[in-house]
Structure formats: C-alpha cells, structure tokens
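For reference, the structure is listed below as structure tokens.
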Amino acid sequence: MNKRHIYVTLFLSLLFISSFAQKGSRIPPEKPKLIIGIIIEQMKPEFLNRYWEKFGDKGFKRLYFEGSSFKNANYNYLLTQTAPGVSTIYTGTNPSTHGIISDNWLIRLKKDKVFCIDDSKYKAIGSDITNNNYSPKNLLVSTLGDELKLTSPKSKTISISISAKASVLSSGHAANAAYWFDYSTGRWISSSYYMNELPKWVNNFNNKKFPDIYMNREWNTLLPIEEYTESLPDSNKFEQGIKHQFTFPYNLMKLSGSDKNRINYKILRESPYGNTITHDFAIASIINEELGKDDNTDLLSVTFSANEYIGELFGTKAVELEDAYIRLDKELAHFLTFIDEQIGKENVLIFLTSDHGVSDSPEYLKTKKIPSGRFKHNYSIALLRSYLNAIYGKGEWISAYIDKQIYLNHNLIEDSKIDLQEIQNKVANFIIQYSSVANAVTASSLQLTTYTNGTLEKMQNSYNQKRSGDIIINLLPGYIEDKSYLISSNSGYSYDTNVPLYFYGWKIKRQIYNNNVGIEDIAPTISLILNIPFPNGTTGKPIISLISK
C-alpha cells in the first residue's frame, strides 16, 4: 500500500468518524428551538385507526412509533367547533374563559351576529377584498405564543391555515404574522393587525401561482379505487358531493365554475389540494423566516382544514375522505422529513391534534338502526316564537338562534316588566319537549350553579356570560342540527370531544398513554418545557408524565 493510499484511507476514516460523531452528538438542547403545532380539522381517532394500513411509515405512523400518543385526549365543553377548539389548544382553557364560545355569537347591544375574528379596525393585507377585516381581539386571554413573545421578544410566532379563523386564533395577540388563503385571488394574505405589507418572500411565493397548478389537476384516487375497502362504495346515497357530483374523478376547474378570466379557488378547500397548499406554504415559512435557527424558540402553528370541508360534503364513510387522509399522510411524511433534515428532530417539538371530532350522518346511522336524526331548529324556533306570543303578547321575544343557543330580547323583556329567569325557564321547558333534545339549560342556572361533571359541566365550560345565549341546547346522541351539510360536530359526546394527540421530537420518548388528558393541558405543558408563564387564563394542567425524566 503506497503512502497516498494510506493518506486517503486515513482521511476517509477520519471523515467517517467525524460524521458518526456528529450524528451521535445530536443531543436535544435544553429547550426546543422550534415548536410546531399541527391541527387537522375534524379528525377523530377512528379515522386514523380505520386507514392505518393504508398509511406509510413516515407520517402518522412515525409520530406513533417515535413519539408519545394519547388515546384518551378530550375537550371538556359542549359547543365543539373550530374556533373554540383552536382557541382552547393555544390558551390552555375552555370557552367560558377564553371567550370564543362558538364560531359566531350575538352582540346583544347591536343585535348583530358577529364572526369570531371580525374587527372593522383592520383590513386585509395582500388582497383588495373588503371582507377580511380580522384580528384576535375577541380572544379574551393570552396564548402560548403571546407568553413566548413576552418572555423572549426575539422569538417568532407565525400561524398558517387556509381558514382565517384557525390562523388568527392560533396566532394570539402578539404574533409576528397570521396567514390565510384568499379564495378570490389564490394568494396567501394577512391582516393590517400584524403588518403593513406582506413580506417579500410571501409575495414571491404567491407569484409562483401554485394554486393554479392544483386547480388544473384532476382529483382522482391515489390508489386503485377498488382498494378503498375501508369506505362505502364511491357512489352511495349518503353523500352530497361537490356541486352534486359524488364520484371520482373531479375536474376542479370545471366544477368551480372558473374561466380563463377568473378562477374561483374556493373549491381547493374541498379537495386534498387544500392541505397541499398549506403544506407548501408552511415549508416556505420555515425556510424564509429561518424558524428554529437560533436559541430563541420559535412557534409555528399549522392547521390543515380541507378534511373538514371534504367530510361535510361526503360524510365519514366516503372514499373521498379516505383518499384525503392517505394523501395527508404523505404530506405529513414529507413535512417531518424536511424538519429532520433542515433543523433536526432533536431541536423541534411537534404536537398534532384536532379541533374537534365529528358525528356520522344521521341517515347512515338509521340504516344501522341506531337512534339518530336532525334537529329542525328553524321550525322549532318558529313554534317557540308563537308560544311566547301566546303567553306574553305579540313581540320579538327572540333576538337570535345561533348554534344551539337561543338569545332572548332583553330590552323587550325588561320594558315588559317580565322576570328574565321566568321566561328563560319557560323557553327551556318548551324546547325540552322536542324528541331530539336531551337538555335545555338556562343562563341563570349556569350562573348560579357549579356543575362538576357530565353534560352540564360541559355546558358550563362553553358558557360565557357576556357572549352566550339565554338557553343552551344539547341534543341526544346521534342527532345534529339540520344544516346544509351532511355531518357536524358541536356536541359534548365522545365522537366530538375525543381527538388524537401526539407529541414528537426533542426529548419526547416513545410512549402510549391511556389516561384521560384535556386538550387544555397542551399549552401549560409546552409552557413548562419552555420555562415561560402559562397563558394567563390557563385552567389546564401540565402533562407531567410526558416531560418527567
């Protein structure tokens, strides 16, 4: 062996040893450099169990086999919707405290229905539309991101979702940015609450027009359609479909009613490509904002919304939903691989959960002889109005019905010198007579009594004295409101409250937990890891078993 060969061999050996040492030295830092919260809307554990064999090894299965999974993670309130769910995750408390009781509620003084993130003081940034005046002002408490920014001003907190409400409410008050997708332009936009103009990198991303690429794709099944054995047949009577089409393939451009002069991007949210554009933008944000690249812990919130829209159109047993989860598993696998390669698994703490679960469609349940149905709220409230007119005289005694909440006209009641508690009780007693109603509880009862378990406790945890209705309604299991979509959440039953919860990366060990944990426990757990104050309204408790040595 000549000297040159010896030197080359020695060099390669040293290079291998150095490389091995570097990989072996990937020791997690004292605290994560990046926290990533992933929310998949309207996902219950049943979906992951059902499609498990169709998943690859690097997505959901990677979280399960390399991280900690909680099989009994639950929300503990009644009105399980996206806005309350996202708010609960990042504030560590229930709607009764953080104030986001529903996606919408009534402002009594103005008698106006308000969307949870409406704020006329601000305007959309990145678009000329006039109806995206959003901010987190209606969130009454601080969030995980807020406390991180207060403790470490150089930390970055950014949230991303095609859904504006999910993005704004997960960002908190002190965030660097919240981005959502503008369906009219196909661009990612924000609010003047956060910035005066979009960052250059966001404009560059928008100019690449990735949504146009997806709009021109046909949505067909990723696998041969005969392999979707976990679902009902592609053509079945329990689907509403996209524009009344409910079998593959879907020509998105044609179904959207778009033409060469104007593209309607809204249909993307009703296809798996709604998740794809979210994934693309999340990766772009990590790269361009250099998240996780220094010792100031950053927070990225990513919400995948498309599965909820797909479920509402096709139901819980559809091939379309199964295909969406198979595709999302691949997006997740790519995202986790990217994180590992670019930042390092040991430097990043990821949690994944959902904003709420979902019911099966009543029509499907009936074929299995399971009690179910739809609460015809419009008809019921019309009868209630007639009843109140008969008792108290003709008048607008009801100001609004919003998501299982009845708002009475307090001004008229006071002017008529009628006892508020009396009329609340009469309304509750009337509503409870409907066969689909399990409970009708008055605001007075929720204010005067402390409930410590069961449905009434969940109703109380959904109740905020300033924003909630005078009567809150709970339907029987299997029953949903009679709205325009097939399936719904918005109950306190396990199919709506029980959601998956995974922790992955950093110092997280492989562990399966069967004990009950609340979703409100996520924020204080991460706060303890980061050694920052809990969000100021926190009622949840840190999951000590997850972080104990």
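The numbers here are math on the coordinates, done by the rules we state, and not lab data. Predicted model, so just to flag it, every value in this text is computed and none were measured. Cβ coordinates were reconstructed from backbone atoms using ideal geometry, including for glycine residues, and neighbour counts include every protein chain displayed.
Within 10 Å of each residue's Cβ, count the other Cβ atoms and sort V114, V348, V437 from fewest upward. Don't skip to the answer; put the middle values down first.
On the way: V114 15, V348 25, V437 18.
So the ranking, lowest neighbour count to highest, is V114, V437, V348.
Plugging the Kirkwood radius over Cα pairs into Stokes-Einstein for the chain, at a temperature of 4 °C and a viscosity of 1.567 mPa s, what D comes out in µm²/s?
Taking Rh from Cα pairs, D becomes 52 µm²/s.
Counting Lys and Arg as +1 and Asp and Glu as -1, what is the net charge of the other residues whose Cβ lies under 12 Å from the Cβ of G145?
Value of the local net charge: -1.
From the phi of every residue in region 397-405, what ³J(HN,Hα) in whole Hz does the Karplus formula 6.51 cos²θ - 1.76 cosθ + 1.60 yield, where θ is phi - 60° and glycine or proline is x?
Karplus-based 3J(HN,Hα) across region 397-405 equals 6, 10, 7, 6, 10, 9, 6, 6, 10 Hz.
For region 298-314, in order, what is each residue's ³J(HN,Hα) by Karplus, 6.51 cos²θ - 1.76 cosθ + 1.60 with θ = phi - 60°, in whole Hz (x at glycine and Pro)?
These are the phi-based 3J(HN,Hα) values: 9, 10, 10, 10, 10, 10, 9, 9, 4, 4, 5, 5, 5, x, 5, 8, 10 Hz.
Scan around Y77 for amide H atoms under 5 Å from its own, H built in the peptide plane at 1.01 Å from N, and keep only partners 5 or more places away or cross-chain.
For Y77, whose amide H was placed from the backbone, there are no distant partners under 5 Å.
With the contact rule set at Cα under 8 Å and sequence spacing of 6 or more, what percent relative contact order holds for region 373-477?
About 29 percent, as a whole number.
Working from Cα positions, state the angle (0 to 90°, nearest 10) between the long axis of helix 377-392 and the longest principal axis of the chain.
30
From a point 7 Å beyond the Cα of R217 in the direction of its Cβ, which residues of region 162-203 have a backbone N at a distance under 16 Å?
Correct set: none at all.
Once Rh for region 26-162 is found with the Kirkwood sum over Cα pairs, what is the Stokes-Einstein diffusion coefficient at 20 °C and 1.002 mPa s, in µm²/s?
Taking Rh from Cα pairs, D becomes 118 µm²/s.
Local charge sum around P45 (other residues, Cβ-Cβ under 13 Å, Lys/Arg +1, Asp/Glu -1)? Working shown, then result.
Values: positive: K44, R50, K71; negative: E46, D496.
Net local charge, P45 excluded: +1.
Please label the shape of region 288-342 as rounded, prolate or oblate, based on the square roots a ≥ b ≥ c of the eigenvalues of the alpha-carbon gyration tensor (a/c under 1.5 means rounded; beyond that, a/b larger than b/c means prolate, else oblate).
Prolate.
Quick one: D119, D470, fewest Cβ neighbours within 10 Å first, how do they rank?
By the 10 Å Cβ count, ascending: D119, D470.
Rounded to whole Hz and in sequence order, give me ³J(HN,Hα) for region 435-442 from the Karplus expression 6.51 cos²θ - 1.76 cosθ + 1.60, θ = phi - 60°, writing x for Gly and Pro.
5, 8, 9, 9, 9, 9, 10, 7
Hey, what D do you get for region 315-430 in µm²/s if you plug the Kirkwood alpha-carbon radius into Stokes-Einstein at 10 °C and 1.306 mPa s?
81
For region 401-449, which trypsin sites (Lys or Arg not before Pro) are both in a DSSP coil and crowded by at most 13 other Cβ atoms within 10 Å?
Passing sites in region 401-449 are K417.
From the residues N425, P542, L34, which one has its Cα farthest along the dipole of the chain in the positive direction, the dipole being from +1 and -1 charges on Cβ of Lys/Arg and Asp/Glu about the Cα centre?
Going by the Cα projections, it comes out as L34.
Can you run the Rg to Rh ratio on region 310-366? Use alpha carbon positions and the Kirkwood inverse-distance Rh.
Working: Rg = 16.0 Å, Rh = 13.9 Å.
With Rh from the inverse mean 1/r over Cα pairs, Rg/Rh is 1.15.
Could you state, as a whole-number percent, how many of the C-alpha pairs of region 130-274 are farther apart than 25 Å?
44
What area, in nm² and to one decimal, does the C-alpha convex hull of region 146-190 cast on average over all directions? Walk me through the numbers before you get to the answer.
Details: hull surface 11.7 nm².
The directionally averaged projection comes out at 2.9 nm².
Considering only Cα-Cα distances, which of the following residue pairs are longer than 21 Å: K209/K345; K317/K368; K31/K200?
Cα-Cα > 21 Å for K209/K345; K31/K200; rest within.
Give the shape of region 204-299 as rounded, prolate or oblate, defined through the alpha-carbon gyration tensor: a ≥ b ≥ c are the square roots of its eigenvalues, a/c under 1.5 means rounded, and otherwise the shape is prolate if a/b is larger than b/c and oblate if not.
Oblate.
Rank the residues S69, S192, S489 as a footprinting-exposure proxy: fewest other Cβ atoms within 10 Å of their Cβ go first.
Going from sparsest to densest Cβ surroundings: S192, S69, S489.
Per residue, how much space in cubic angstrom lies within the convex hull of the C-alpha atoms of region 373-477?
For region 373-477, the hull spanned by Cα atoms encloses 96 Å³ per residue.
Starting from the 7 Å offset along Cα-to-Cβ, what nm value, one decimal, do you get for the label separation of N536 and S235?
6.0
Quick check for region 373-477: number of Lys pairs with alpha-carbon distance under 24 Å, counting only pairs 8 or more apart or on different chains?
Lysine pairs satisfying the spacing and distance rule in region 373-477 number 15.
Give me the distance in nm between label points sitting 7 Å out from Cα along the Cα-to-Cβ direction at T452 and L528, one decimal.
Taking the simple label geometry, T452 and L528 are separated by 2.3 nm.
Once the other residues with Cβ under 10 Å from the Cβ of G126 are scored (Lys, Arg +1; Asp, Glu -1), what is the net sum?
Summing Lys and Arg as +1 and Asp and Glu as -1 gives -2.
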